[in-house]
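Let me begin by presenting the structure, written as structure tokens, before commenting on it.
What follows draws every value from the coordinates through simple rules; no lab data is involved. Just so it is clear, the model here is predicted, and its values are computed rather than measured. Glycine gets a Cβ as well: all are built from the backbone with ideal geometry, and neighbour counts include every protein chain shown.
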């Protein structure tokens, strides 16, 4: 019964919060839609199925950590464009994109980091969304090391 209620709530949320984005760069402008993910401020293109057995998340006292995996049919370039367009709408800033075999998009905002990894395989793609706090200690250590190196 609890699962049915959860599923009904999820379906309602998807219906209410779905948004749509036109992806430029193709002959025919294709449309990718966003669905609600475990983290409401990180969109997931429609057509990708969650892989709960390969995912985890933890939230407590304003801190959240998670690795969410999704798989489905999709074009990696369109999915990259989807995230470049959608993430700023959720106050995420693109830091960089690394493309070599698999593709990585790094996003940040105050206190948090999000890395989206795309692993294309044929007509399928696996998307991994990793979220966690930005390490303030790492930044301080890097500055201290630069000072010591001088």
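The table below gives the values:
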{"read-out": "Inverse of mean 1/r across different Cα pairs in the range 41-149, Kirkwood, Å", "value": "15.1"}
{"read-out": "Potential lengthening between residue 64 and residue 41 on full extension [0.36 nm per residue; Cα-Cα distance subtracted]", "value": "7.1 nm"}
{"read-out": "Neighbour-count ranking [beta-carbon atoms within 10 angstrom, fewest first] of 38, 49", "value": "49, 38"}
{"read-out": "Point-to-point label distance, residue 134-residue 98, nm (Cα→Cβ direction, 7 Å offset)", "value": "1.8"}
